[in-house]
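The values are calculated or read from the model by the stated rules, or taken from the named source; none is laboratory data. Every value quoted in this text rests on a predicted model; they were computed, and no experiment measured them. We place every Cβ from the backbone using ideal geometry, glycine too, and count neighbours over all the protein chains shown. Ligands, DNA and RNA are excluded from the accessible area calculation, which covers all protein heavy atoms including side chains. Shrake-Rupley method; radii C 1.70, N 1.55, O 1.52, S 1.80 Å.
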Amino acid sequence: LLRTMEGWANLFEEVLTMEGIPVHTESRRGYFDTFEIRVLLNLLSVVDNIYQDIPMAAVLRSPVGEFTGEDLAEIRSLVLSERKREDSLYDEMLFYLEKGSREDLKKKIRKILDLLDILREEKTRLSLPELIWSLLDKTDYYHLVGSMPNGEQRMANIRMFLEKAGEYEKTSFKGVFHFIQYIDQLRSY
């Protein structure tokens with residue numbers, strides 16, 4: 001389909017997959033760059049450090065958070081109108097819970113913050129694979145990606161991710177932060 005795949009193969013692959021059309025590309029993109037794994041990595045990043053705005057925004061906009069762009073804009077605009085400065089997205093959500101007007105948005109914020117509180121507590125006592133399974137169970141994310149186009153492959157990607165977490169647990173390094181660095185190293189190689 002393409003004369004050169006540089007910069008285009010991943011986009012074509014994603015769109016064709018979302019339309020349910022089987023596709024294969026000869027790109028360097030690995031399973032770490034698939035939608036389902038990126039969401040998990042972003043969620044783990046936020047569990048590790050709740051003040052990371054880019055991973056937080058990605059989680060909020062994912063099927064886990066179910067926030068719309070308008071939801072995030074409303075949160076930010078309230079903060080800027082009242083405080084006249086930008087805070088972390090986490091602090092802005094807390095502020096919206098106090099001062100915001102939309103109850104449906106407050107419900108979404110409470111839901112995601114409750115989930116993150118539970119996962120942040122669990123990260124101190126569960127192994128990494130157990131934490132990921134807990135995350136998958138609490139969000140029903142594993143079954144959600146299974147219902148997406150190419151769902152079997154997406155579920156297999158998550159199982160492979162869990163295997164990588166198990167392999168990581170056997171090393172001398174521990175913790176979510178170091179696991180994310182480990183995955184970044186695997187991705188670059």
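Here are some notes:
- Element breakdown for the chain at a 1.4 angstrom probe: carbon and sulfur atoms account for 52% of the accessible area.
- Dividing the summed helix terms, -39500 (n - 2.57) for each DSSP H run of n ≥ 4, by the number of residues in the chain produces a 222 nm estimate of -21500 deg cm²/dmol to the nearest 500.
- Highest-fluctuation residue, LEU135, LEU44, LEU105 considered, GNM on the chain with Cα pairs under 10 Å: LEU105
- Top of PHE95, PHE67, PHE12 by mean-square fluctuation, Gaussian network on the chain, Cα under 10 Å: PHE12
- The chain: most fluctuating residue of ALA57, ALA165, ALA156 per GNM, C-alpha cutoff 10 Å: ALA156
- Normalised per residue, the accessible area of the chain is 59 Å², obtained with a 1.4 Å probe and no contribution from ligands, DNA or RNA.
- Loop trypsin sites (Lys or Arg not before Pro), the stretch 102-189 (other Cβ atoms within 10 Å of the site Cβ: 13 or fewer; DSSP): ARG125, LYS170, LYS174
- Pairs of alpha carbons in the chain whose separation is greater than 29 Å (percent): 31 percent
- For the chain, the longest principal axis of the Cα atoms and the long axis of helix 103-122 meet at an angle of about 60 degrees.
- When the surface is traced with a 1.4 Å probe over the full set of protein chains, GLU122 keeps roughly 20 Å² accessible.
- Karplus-derived 3J(HN,Hα), 6.51/-1.76/1.60, for each residue of the stretch 86-99, Hz, glycine and proline x: 8, 10, 5, 4, 4, 4, 5, 5, 4, 4, 5, 4, 7, 10
- Sequentially through the stretch 165-180, phi angles give Karplus couplings (6.51, -1.76, 1.60; θ = phi - 60°) of 5, x, 4, 4, 4, 7, 7, 7, 7, 9, x, 5, 4, 5, 5, 5 Hz, Gly and Pro residues having no value and appearing as x.
- C-alpha long axis of helix 69-83 to longest principal axis of the chain, angle in °: 40 degrees
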